[in-house]
Amino acid sequence: MKMEVLDEIFRRVLSSKIFTNRSSLRPDYVPDELPHRENQIKMLGSILAQALRGSRPSNVFIYGLTGTGKTAVTKYVLKRIEEKSLGFKTNFTYAYINCRQSDTPYRVLADLNESIGVRVPFTGLSRAEVYRRFLRNLDARKCVMIIVLDEIDFLVKRHGDDILYKLSRVNEDLLYSQASLIGITNDLKLTETLDPRIKSSLGEEELVFPPYNAVQLEDILRRRAKRAFRRGVLEPGVIPLCAALAAKEHGDARRALDLLRVAGEIAEREGAENVTEEHVKKARAEIERDRVVEVLRTMPLHAKLVLLSMVYLDNKGKTRTTTGELYASYVHICRELGVESLTQRRISDLVNELDMLGLLAARLVSRGRYGRTKIIELSVSKKTILEVLGKDERFSGVANL
């Protein structure tokens, strides 16, 4: 019986009535054209084109909210430069590293080595030795290299900016090759936290990517939908609804594409002939839950403890709390679990980060002559938090707190 159920699932996927090429809706797909990002392509292309002459381009810092085309434009321009360099006598290469996946300085340096064909062990070498191997082998290639560090804020917040200091000055240690750095971040204030020496060398050129509006998102979706779906399966209101929902969330094209793809997958699972607006609404609920669960699951220990402290206060009837009350609750839970607590200032920083992620809502409220205080409340359900944290062995018995 179970085999028959699986066979039916396999049959639906292999003979899909909905999709022809669902991969064109994936966030890592780089299309042949990037509508509504022509100005950014020209600007980045004009900066990096120096590599075709064998010269080192300026370092670039690229800012913009999630889903504004930063990564796609960067990969598109680098791919075109790589293709163009084949017609010249220019030795050009680039490395793309996502710092959320390669989330330690060692891993970043290891990936840089691998990008030029040098294998290093997963662990066991000092960071200085991995860096020296990279320099030695890059110099041997006598090339121009562009290093892309995507989601660079994730690495800096967890491990500091030492790796950026090294890479922003890499040319001082090279004799025959040259390297430029592209940093991509969602955090518009990241450079304010960097060492001034890094900021001056890394931010030689800066690009800011604005959000897409609803009309632009709808155009992007229609272009991708032609590749992704069978003709006529999308009901007329599906693409406008996906575009409108994503436009409300800071013009996130990635969000719009995810909504459209998941709506199609839900329709496929249900055996429907068409993708409807109802499928989009179901997709929105599914994506929101998956996003929250993934963020909760991958958060550092003390960020989880802050959320746990909010649940603890909520269970006591305190749905809205101050930083001081939250910190007292946090210290209590750390003591219960045998964990050393952080300072109140660091917890205040974590509250700001959780607010940015949409897991907490924190706002400053004036209390007249008593000054201002921060009021904090949960933005996700207690049930979801407890379900995710309950699977972590460090929080065994968490539901009883």
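The numbers here are math on the coordinates, done by the rules we state, and not lab data. Values in this document were obtained by computation on a predicted structure and should not be read as measured data. When we count neighbours, we look across all protein chains shown, and the Cβ atoms used for this are built from the backbone with ideal geometry, even at glycine.
Brief remarks follow.
- The chain - percent relative contact order, Cα under 8 Å, separation 6 or more: 17
- Considering only Pro196, Leu155, Asn315, the residue lying farthest towards the positive end of the dipole of the chain is Pro196, judged by Cα position with unit charges set on Cβ.
- Dipole axis of the stretch 272-333 (+1 Lys, Arg; -1 Asp, Glu on Cβ), positive-most option in Gly324, Asn274, Leu305: Gly324
- Between the stretch 268-285 and the stretch 67-98, the alpha-carbon centres lie 37 Å apart.
- C-alpha center-to-center spacing [the stretch 294-370, the stretch 162-183] in angstrom: 39
- Rg ratio (alpha-carbon, reference 2.2 N^0.38 Å) - the stretch 113-248: 1.48
- Cα principal axis extents for the chain, largest first, Å: 69, 57, 51
- Relative protection proxy for 265-277, 78-90, from highest mean packing down: 265-277, 78-90 (other beta-carbon atoms within 10 angstrom).
- Basic side chains Lys and Arg get +1 at the Cβ, acidic Asp and Glu get -1 at the Cβ, and with that the dipole of the stretch 38-209 about its Cα centre reaches some 540 debye.
- Mean separation of Cα contacts under 8 Å (6+ apart) over length of the stretch 45-180, as relative contact order %: 29
- Rounded to the nearest 20 debye, dipole of the chain from Cβ charges on Lys, Arg, Asp, Glu: 300
- For Lys281, a cut-off of 19 angstrom between C-alpha atoms picks up these lysines, skipping any fewer than 8 places away in its own chain: Lys248.
- Cut-off under 5 Å, modelled amide H: who pairs with Glu235 long-range: Val275
- For the pair Arg269 and Thr123, label points projected 7 Å from Cα toward Cβ lie 3.6 nm apart.
- Neighbourhood net charge (12 Å Cβ-Cβ; Lys/Arg +1, Asp/Glu -1) for Arg223: 0
- Computed on the Cα trace of the stretch 299-400, the radius of gyration divided by the Kirkwood hydrodynamic radius gives Rg/Rh = 0.96.
- Here the stretch 299-400 is treated with +1 on each Lys and Arg Cβ and -1 on each Asp and Glu Cβ, and its dipole about the Cα centre works out to around 480 debye.
- Tail fraction, Cα-Cα pairs, the stretch 61-163, threshold 24 Å, whole percent: 29
- Global dimensions of the stretch 38-209 from alpha-carbon coordinates: Rg and Dmax equal 15.1, 45 Å.
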